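Here is the structure we will look at, set down as structure tokens.
The values are calculated or read from the model by the stated rules, or taken from the named source; none is laboratory data. On a predicted model such as this, the values are computed, not experimentally measured, just so you know. FYI the Cβ positions are ideal-geometry reconstructions off the backbone, even for glycines, and counts take in every protein chain you see.
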Amino acid sequence: MEVLYVCCCGIDVHAKMLVACLIKDGKKETHTFSTMTDDLLRLLDWLTEEGCSQVAIESTGVYWRPVFNILEGSLDVMLVNARDAKGFKARKTDVIDAEWLADLLRHGLLKPSFIPPLHIRELRELTRYRESLVREQTQLSNRIQKLIESGNIKLSQVVSDALGVSGKQMLRALAAGQTDAEKMSELARRRMKRKKPELKRALTGRLTEARALGSCESCSTSMSRWKRQSGESRRRSARRSSRRRTLLCRRR
């Protein structure tokens, strides 16, 4: 079979260690490294000294990422789907897997997976992080609505955003044990002040101490924190997107 790469390496990655098999001029050399950064740098130095430029890594969970982060930019790293690099079912060991991966790479029999550039990966992480924050924020908002509704508090029927500035102050007052609906209606801000009579009726309920303490106070505090985090992640994503567009415009 035709040899495509004279010197190449196959890496079988695990959570705590990896096995690297280097094939150079038909000779195999295998070493084991930990996945700590200092050992990964030793791996890079070893491959560079041996003149290896092609590396194949099996995509095992997220364990391949630390290895890829170190080798990226210095070597041509190919991420391979485990399904496309299946070896022998019998006598399966880490060394055999690494050798099999290196042998497939040597003959050009591996199909690389797509890995976006670094700036796209960072933008993806920020976008996904913000998406998870928004999802958690929505879940928390629904939880608060259900808890106060179960205590006969009809705040959401009077105000458009029960978790706005005025709504959160009223929820904190409820959590502190306030039961006077008239006093809580005085916490209304700006346009909400015109709805004081309706607020007084909506805040008259039977909210137990357990519901008040377990929902209103902790949930409203968490909501404020998630809103800040979501806003920060959105600003970072916008800055990265703007920076990327500026670079593209300069290249043109």
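Out of N69, N142, which single residue is outside any strand (DSSP E or B) and not assigned by TED's automatic domain parsing to the domain that holds L40? Let's see the steps before the verdict.
On the way: N69 fails: not assigned by TED's automatic domain parsing to the domain that holds L40.
None of the other options fit; the residue is N142.
Any residue at all in the range 74-97 that's on the phi > 0 side of the Ramachandran plot, modelled with pLDDT under 85 and surrounded by fewer than 13 Cβ atoms within 10 Å (Cβ to Cβ)? Within the range 74-97, one or more residues are on the phi > 0 side of the Ramachandran plot, modelled with pLDDT under 85 and surrounded by fewer than 13 Cβ atoms within 10 Å (Cβ to Cβ). The combined condition, being among the hydrophobic types (A, V, I, L, M, F, W, C) and either in a strand (DSSP E or B) or within 18 Å of W100 (Cβ to Cβ) (or both), is fulfilled by F33. Here is a check on your reading of the model: is A176 within 21 Å of Q137 (Cβ to Cβ) and of a type outside the set (S, T, Y)? Taking the combined requirement at face value, the residue does not satisfy it.
In the range 15-30, which residues are part of a loop (DSSP other than H, G, I, E, B) and touching a Phe, Trp or Tyr at 6+ places or on another chain (Cβ under 6 Å)? Outline the logic, then answer.
Quick first cut of the range 15-30, residues part of a loop (DSSP other than H, G, I, E, B) only: 15-16, 25-26.
Passing the criteria: only A15.
Put simply, of A181, A202, A175, A188 the only residue that is over 28 Å from R235 (Cα atoms), among the aliphatic types (A, V, I, L, M) and in contact with an Asp or Glu (Cβ under 7 Å, 6 or more places away or on another chain) is A175. Taken together, the residues in the range 179-225 that are part of a loop (DSSP other than H, G, I, E, B) and at pLDDT below 80 amount to 4. For the range 36-56, the set of residues classified as outside any helix (DSSP H, G or I) and either in contact with a strand residue (DSSP E or B) (Cβ under 6 Å, 6 or more places away or on another chain) or over 21 Å from D94 (Cα atoms) (or both) consists of E50, G51, C52, S53, Q54, V55, A56, listed by residue number.
Could you tell me which of the residues I153, I115, I148 is under 28 Å from G10 (Cβ atoms), in contact with a Leu (Cβ under 8 Å, 6 or more places away or on another chain), among the β-branched types (V, I, T) and at pLDDT 80 or above?
Numbers: I153 fails: under 28 Å from G10 (Cβ atoms); I148 fails: under 28 Å from G10 (Cβ atoms).
On inspection, the qualifying residue turns out to be I115.
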